[in-house]
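Asks: Structure in C-alpha cells, see below.
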Amino acid sequence: MTAPPTPAALARQRRRRAALRFWQGYRTHRAGLFGLAALALFALIALTAPLTVGADVSRVTDAPGAPLQPPSGAFLLGTDRFGRDVLGLVVWGARVSLLVGLLAALLSVAIGGVVGIAAGHFRGAPATVLMRVTDWFLVMPTLVLAIALATVLSRSLATVILAIGVTSWPTTARLVRAQTLAVESRPYIERAKALGGGHWHVMTRHVLPNVMPLVLAQTTLTISSAVLSEATLAFLGLGDPTVISWGGLLQDAREAGAVSSGDWWYLVPPGIAIVLVALAFTLCGRAIESVLNPRLGVAR
C-alpha cells in the first residue's frame, strides 16, 4: 500500500502546479516574452563580459585606439576620449548597471514590503506613524533625496544602491498595505488568530505568501526605475568614478564635449542600452501583473 504524500511533498506539488500555470499564462503575452528574451540577452552579455571584452577594457593607459575615433572595422562603436573601445565599455558597463539596479530594487521592495505588511496588520498608532512616514517620502522628490544622500555619503556603488533603495520604497509600501488589508479581512485569518496565532505567525505564514505575487510584479517594475536612477546619479557625477556604468559613460561623454562636437557614437550606445533594459523590465512587469491579476486587462 502506497504511503500518503507528506505535507512537504504536497506543498512542493502545489508550488510546481502554480509555477506551471504562471508560465502558461505568461507565455501568452508577446510583449512579456520579448522583454524576457531581452533581459536574458543582457544578462548573458553581463555575465560573459570578462570573457568577451576583459577587465582591461576600462584601462586608460595603453588604450588600443586614438581618442574619439568614429566607428570602423577595428572599433565597431568607435572610441572614447581616452581611446578605449566604446563597445567594450558598454558591454562591461552592463555588469554594474544591472547589478546596481537589481540590488537597489530588492532593497526598495524589502523596505516597502515590511512597512506595508506592518502598517496593514497593526492598527492604531503604529500604522498611523508608518503611513505618515510613507506619505512624507511619497511627496518628496525621489531624485532630490537620492542626490542628497549620494552627496553626503562617500561615492561608491554601495552609496548609490542605498540612495536609490531608501528613497523609492513608498509606492511598494502603499500597494502592499492595501493587499494586506484585503488578506486580513478573510475568514481564515480570524481562525488563525482564534487558534492562538500571534502577529509574527499571521504576517509570515498567511499574509506574506498572499502578497508575494504583488511584490514580485512590483520588483520587476522597480528594477526599471532603479536602472534609470543609477544612470541619472552617475550622469550627475555622483556615482563611483572607479567603475564603468552606462550612466558613467554618458557623464564621460558630456565632459568630453561629445554633444557639441557631434561624437554620437560616444552618447548613443549607452543611452540605447539604458532604454532597452528599462523597457524590458517594464514589459516583464506588466505581463506579470496581467497574469497575477487578469482584471488589469494588460494588452498581450
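The values are calculated or read from the model by the stated rules, or taken from the named source; none is laboratory data. Since this is a predicted model, take the numbers as computed values, not measurements. Cβ placement follows ideal geometry from the backbone for every residue including glycine, while neighbour counts extend to all protein chains displayed. Just so you know, the surface numbers come from the protein's heavy atoms only, side chains and all, with ligands and any DNA or RNA stripped out. Shrake-Rupley method; radii C 1.70, N 1.55, O 1.52, S 1.80 Å.
Asks: Of the trypsin sites (Lys or Arg not before Pro) in the range 19-72, which ones lie in a loop per DSSP and count no more than 12 other C-beta atoms within 10 Å? List each step's numbers first, then the result.
Replies: On the way: sites: ARG21, ARG27, ARG30, ARG59; in loops: ARG27, ARG59.
Taking the range 19-72 and a limit of 12 other Cβ atoms within 10 Å, the loop trypsin sites (Lys or Arg not before Pro) found are ARG59.
Asks: Moving on. Find the accessible area per residue for the chain; the probe is 1.4 Å, ligands and nucleic acids are left out, and the unit is Å².
Replies: Per-residue accessible area for the chain comes out at 52 Å².
Asks: Note down the magnitude of the dipole of the range 1-151 about its Cα centre, charges +1 on Lys and Arg C-beta and -1 on Asp and Glu C-beta and zero elsewhere, to the nearest 20 debye.
Replies: Once rounded to the nearest 20, the dipole reads 1000 debye.
Asks: Taking the simple approach of a point 7 Å from Cα along Cα-to-Cβ for both ARG17 and ALA125, what is their distance in nm?
Replies: 4.7
Asks: By how many nm would the segment from LEU41 to VAL139 lengthen if fully extended, with 0.36 nm per residue of separation less the alpha-carbon distance?
Replies: Stretched fully, the LEU41-VAL139 segment lengthens by 31.6 nm.
Asks: So what J values fall out for the range 139-156 if you push phi through Karplus, 6.51 cos²θ - 1.76 cosθ + 1.60 with θ = phi - 60°, rounded to Hz, Gly and Pro as x?
Replies: 7, 7, x, 4, 5, 5, 5, 5, 5, 4, 5, 5, 6, 6, 7, 5, 7, 7
Asks: For THR79, list long-range residues whose amide hydrogen, built 1.01 Å from N in the peptide plane, is under 5 Å from its own amide hydrogen.
Replies: LEU68, GLN69, VAL86
Asks: Calculate, for THR61 and PHE34, the FRET efficiency according to 1/(1 + (r/R0)^6) with r their C-beta to C-beta distance and R0 45 Å; round to the nearest 0.05.
Replies: Computed FRET efficiency for THR61 and PHE34: 0.65.
Asks: On to the next question. Show that you can apply the helix-only estimate: for the chain, add -39,500 (n - 2.57) for every DSSP H stretch of four or more residues, divide by all residues, and state [θ] at 222 nm to the nearest 500. Don't jump to the answer; show the numbers that get you there.
Replies: Values: 13 runs with 207 residues, N = 300.
After summing the helix terms and dividing by residue count, I get -23000 deg cm²/dmol.
Asks: On to the next question. Give the residue from THR159, ALA119, ILE147 lying farthest towards the positive end of the charge dipole for the chain; charges sit on Cβ (+1 for Lys and Arg, -1 for Asp and Glu) and the dipole is referred to the Cα centre.
Replies: So the residue furthest toward the plus end is ALA119.
Asks: Highest first, please rank the peptides 72-80, 249-257, 107-115 by the mean number of other Cβ atoms sitting within 10 Å of their residues.
Replies: Packing proxy ranking, top to bottom: 107-115, 249-257, 72-80.
Asks: Note down the magnitude of the dipole of the chain about its Cα centre, charges +1 on Lys and Arg C-beta and -1 on Asp and Glu C-beta and zero elsewhere, to the nearest 20 debye. It would help to have the intermediate numbers written out before the result.
Replies: Values: 25 positive and 13 negative charges, 373 e Å.
Dipole size: approximately 1800 debye.
Asks: How about the range 262-294: which chymotrypsin sites (Phe, Trp or Tyr not before Pro) there lie in a loop by DSSP and see at most 14 other Cβ atoms within 10 Å?
Replies: Loop-located and lightly packed - none at all.
Asks: Under the Karplus relation 6.51 cos²θ - 1.76 cosθ + 1.60, θ = phi - 60°, what is the ordered set of whole-Hz ³J(HN,Hα) values for the range 90-106, x standing for Gly and Pro?
Replies: 5, 5, 5, x, 4, 4, 6, 4, 5, 5, 5, x, 5, 5, 5, 5, 4
Asks: What is the distance in Å between the Cα centres of the range 99-142 and the range 41-83?
Replies: Answer, in whole Å: 40.
Asks: Averaging sequence separations of C-alpha pairs under 8 Å and six or more residues apart, then dividing by the length of the chain, give the relative contact order as a whole percent.
Replies: This gives 26 percent for the chain.
Asks: A follow-up question, please. With charges set only on the Cβ (+1 for Lys and Arg, -1 for Asp and Glu), what does the dipole of the range 172-300 come to about its Cα centre, in debye to the nearest 20?
Replies: So the magnitude is around 920 debye.
Asks: Specify which residue in the list LEU106, ALA74, LEU214 is farthest towards the positive end of the charge dipole of the chain, using unit charges on the beta carbon of Lys, Arg (+1) and Asp, Glu (-1), about the Cα centre.
Replies: With unit charges placed on the Cβ atoms, the residue in question is LEU214.
Asks: Can you send over the carbon and sulfur percentage of the accessible area for the range 21-113, probe radius 1.4 Å, protein chains only? Please report the intermediate quantities before stating the final value.
Replies: Numbers: 3280 of 4710 Å².
That share works out to 70 percent.
Asks: Looking at the range 98-191, which trypsin sites (Lys or Arg not before Pro) are in a loop (DSSP not H, G, I, E or B) and have at most 11 other Cβ atoms within 10 Å?
Replies: Passing sites in the range 98-191 are ARG123.
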